[in-house]
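This report refers to the structure that appears directly beneath it.
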Amino acid sequence: MTTEQLRPRSDSSSPPPSSPSGGDRLLFLTEALRTFHDTGALAPSSAELVNALVVPVTSRPNRPISVLEVGAGTGVVTRRLTQVLRPGDRLHVVEANQRFADRLREDPVLAARHPGIALRLSACRVEELPQCRPATPTAPDGIGRAAGTGPGGGADATNATDERYDVIVSGLPFTNFEPAQVRHLLDLYLRLLLPGGELTYFGYLGTTTARTLTSGPRQGARHRAVVRLLRRFEATYGLGERTAWHNLPPARAYLLRAPGGREDWRPGSDCPAAKPAGNR
């Protein structure tokens with residue numbers, strides 16, 4: 001596991017488009033076929049879906065913000081985020097697939113971002129934070145060192161203050177996971193969000209029927225249990241949703257807000273605690 005910052009280029013030329021290249025599509029397909037459980041798709045998200053996922057960053061307070069992206073893949077959302085973020089903002093990208101992480105480190109759009117945008121890449125699962133976060137703060141164009149690695153990196157990560165975020169953009173394929181894992185991830189996201197922070201994630205349309213037909217009744221039942229859990233979560237914290245019909249396959253992005261922190265979501269429970277009327 002490594003955590004490092006991606007150094008921006010010194011030139012101020014406009015970054016190239018954020019759409020995936022042919023090489024990115026091939027890498028994504030290769031990794032999807034190799035590890036579909038963790039990838040959850042056969043192609044990167046479309047521009048329509050990407051724009052829906054970054055809404056909290058484009059409608060934001062007039063101050064620097066901190067953003068966490070989980071499951072960046074080949075970086076189609078990451079590139080868009082670096083284009084809409086402002087100097088002083090921070091973007092922390094978490095990607096567990098080492099091949100995707102290597103591609104992100106070499107991405108020319110990310111390297112060409114505005115030098116005032118701090119970008120950190122953690123090649124690990126989000127559940128493994130803060131062990132793979134830098135032991136000490138670094139400048140926007142510096143190199144972060146993972147806690148417990150290298151000179152001066154022996155500090156106990158559990159003593160570090162957990163970083164919290166204004167926005168979390170999640171690309172994880174929830175319906176590929178067990179319900180208990182999804183409950184854990186949702187609880188973790190709410191703990192990582194600042195009060196009032198916003199979360200976006202997406203799901204593909206029509207997957208429940210497809211899962212039952214292709215994987216059998218047991219996987220279909222698991223899939224339905226995850227969907228019910230997500231719907232209850234959205235009923236409590238949801239602000240809205242947007243359907244990306246031109247995505248392959250069509251997908252729906254969800255926007256949620258954490259009103260008061262972790263006490264509103266009971267870790268390990270089947271659904272969030274009921275939110276008082278009028279707080280949506």
ask   = What distance in nm separates the simple spin-label points at ARG257 and ARG232, each placed 7 Å from Cα in the Cβ direction?
value = 2.4
remark   = Scalar couplings 3J(HN,Hα) for the stretch 221-230 by Karplus 6.51 cos²θ - 1.76 cosθ + 1.60 (θ = phi - 60°), nearest whole Hz, x for Gly and Pro, are 5, 4, 4, 5, 5, 5, 4, 4, 4, 5
query = How much length, in nm to one decimal, is gained on full extension between LEU248 and LEU194, taken as 0.36 nm per residue of separation minus their Cα-Cα distance?
reply = 16.2 nm
Per-peptide average of other Cβ atoms within 10 Å, ordering 70-82, 93-105, 173-185 highest first = 70-82, 93-105, 173-185
Other-chain or far-sequence residues with amide H under 5 Å of LEU91's (modelled H) = VAL67, ALA118, LEU119, ARG120
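Read-outs: derived from the displayed coordinates by stated rules, not from any lab. Small disclaimer: the values here were computed from a predicted structure and weren't measured. For neighbour counting, all protein chains shown are included, and Cβ atoms are generated from backbone atoms with ideal geometry for every residue, glycine included.
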